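Everything below concerns the one structure shown next.
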Amino acid sequence: MIELKGVEKTYPSAFGEVTALKDIDLTISDGDVFGIIGLSGAGKSTLVRCINLLEQPTKGKILVDGEDLTTVKPKRLREIRRNIGMIFQGFNLLEQRTVENNVFFPLELAGVKRKDGEKRVNELLGIVGLSDRKKAYPSQLSGGQKQRVAIARALATSPKYLLCDEATSALDPATTSSILALLKKINAELGVTVIVITHEMKVIESICTKVAVIDNSRIAECGEVPEVFTDPKSDIAKQLILPDLIRSMKSEKGYKFRLVFSGETSDTPVISALALEKGVAVNIVYADTKNINGKIYGHLVFTLAGGKDEYETVKEFLTEKKINFATEGENE
């Protein structure tokens, strides 16, 4: 388990201190695929680099399996870091080393002899699908292949945790999908806890089980992905996750309803039932569904053609059907 308690990070500047993180409390449980999202400059990359002390927090505790990294001695910190792999947006491969030698590099630093590490290197190249490119150099690889090498290298010392800092931002959509599938496989088959830093909502939807939203150096919201993505509470989460829905709610006049469909209720024929059972005509202004962890979640926004009576009828109907909804009154 990784726990951040009261973590703060400030940087000196010519204009005074700049706060990158403020009062961060976060718990990442073993086995999670934990996403951290936010706008550029929100503090998410600083946060992930504090987890393995690439950035030293100004204040607070970083607990990894109960040990506070901010207080351990350098030798012990190096030992703990072997249990925390990290991959970056820019791959950071050693250009003068072959694929197999890049993957072997962390083992070399750990004092593992070449003959003892070959089996591990070959195993990892098999996992990431690059067994046939072991003698190639980074310049001979595609972006997706480079990131697979970086993932294999990060796994060389059999870490318990894998930190991914914008690991798919430089990749095309198809390659991104393959890398995300690989990370999900690593989590499921190797039991590695994965922490994903990203500004891409599709990344969170595709593989994450939990998500934290960071805004202006603070955690604005945190929870299970379906919960946060279907009913975000903070303004920044709404802005990041549901921008089109927010615009549709603001632009339409009249009585407006926003329906939230969970994985259990997404197949309920709400609109047709309203027309057939209640005789209420509606105008759909927004609809979207997402597949999160194998279940369908979505939002639907509609306005009423009628007035107050129809408004009350629809509220009563949705309540009876146990549909999660929010309303806004007449907007002249």
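Summary value for the chain: 18 percent relative contact order, contacts being C-alpha pairs under 8 angstrom separated by 6+ residues. Ranked by how many other Cβ atoms sit within 10 Å of their own Cβ, fewest first, the residues THR289, THR27 fall in the order THR289, THR27. In region 2-236, a dipole from Cβ-located charges (positive for Lys and Arg, negative for Asp and Glu) runs towards its positive end, and of ILE219, VAL149, TYR11 it is VAL149 whose Cα lies farthest in that direction.
Counting only DSSP beta bridges with both residues in the chain, the antiparallel share comes to about 70 percent. Here the Gaussian network model covers the chain, with springs between Cα atoms less than 10 Å apart; of LYS135, LYS256, LYS59, LYS135 fluctuates the most. Taking other C-beta atoms within 10 angstrom as a stand-in for reagent exposure, THR319, THR58 fall in the order THR319, THR58, fewest first. Normalised by 2.2 N^0.38 Å, with N the number of residues, the alpha-carbon radius of gyration of region 2-236 equals 1.02. Charging the Cβ of each Asp and Glu at -1 and of each Lys and Arg at +1, and nothing else, the dipole of the chain about its Cα centre rounds to 1700 debye. A viscosity of 1.306 mPa s and a temperature of 10 °C, combined with the Kirkwood radius over C-alpha pairs in the Stokes-Einstein formula, give region 132-184 a diffusion coefficient of 134 µm²/s. When the alpha carbon coordinates of region 86-207 are projected onto the principal axes, the ranges are 42, 30, 21 Å, largest first.
Every read-out reported here was derived from the displayed coordinates using simple, explicitly stated rules and does not represent laboratory data. Predicted, not measured: the structure shown is a model, and the values here were computed from it. Quick reminder, even Gly has a Cβ in these numbers, built from the backbone with ideal geometry, and neighbours come from all protein chains shown.
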